[in-house]
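The following block contains the structure, expressed as structure tokens.
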Amino acid sequence: MALDPTTVSTVLSLLPTILEQANKTIDKIKKGRRKDDAAEGAGAPETRDPAARIAELETAAMQQAEAVKLLAEQHAITIDALRKEAARLDRRLRLMTAVAMAGVALGLGGLVIALNLLFR
């Protein structure tokens, strides 16, 4: 059984956004490490203003929180679409199972009738 094309397109349309957010997060982490390495090489950590560093960290934390919020929303949309698709496929499977059972019942009934007519 194939997935519904709209569900697949919804999931695929969200993937670039998720990857973009992940790449931005990775870049921010890398830049933060470079800044820390440069600050350690330029002077002693005591010369940096702790309040400024705390403000920078708070800003970075807020940006990360927004990115996580966006990712969570996108994942919720994806999960909802996948649940709907799974429910649709489950209904289809149940219908096909019922049709197959009816076909087997009719086939057996026809076989019994044919055998009765044959052996009379």
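So which residues in segment 55-94 are of a type in the set (S, T, N, Q) and either more than 22 Å from LEU12 (Cα to Cα) or outside any helix (DSSP H, G or I) (or both), if there are any at all?
THR59, GLN63, GLN64
Out of (1) modelled with pLDDT under 70; (2) under 34 Å from the mean Cα position of the chain (by Cα), what's the single condition that is false for ARG34?
Looking at each condition in turn, ARG34 falls short on (1).
A further question on this structure: Consider LEU106 carefully, then state whether it is without any contact (Cβ under 8 Å) to a residue 40 or more places away in the chain and either at negative phi or loosely packed, with under 12 Cβ neighbours inside 10 Å (or both).
yes
All but one of (1) of a type in the set (A, V, I, L, M, F, W, C); (2) under 18 Å from the mean Cα position of the chain (by Cα); (3) modelled with pLDDT of 75 or more hold for LEU95; which doesn't?
(2)
May I ask you to list the residues in segment 41-54 that are assigned to a helix (DSSP H, G or I), farther than 22 Å from LYS24 by Cβ and at pLDDT 60 or above?
Across segment 41-54, the qualifying residues are THR47, PRO50, ALA51, ALA52, ILE54.
The values are calculated or read from the model by the stated rules, or taken from the named source; none is laboratory data. Computed from a predicted model, the values in this text were never measured in an experiment. All Cβ positions, even for glycine, are placed from backbone atoms using ideal geometry, and neighbour counts span all protein chains on display.
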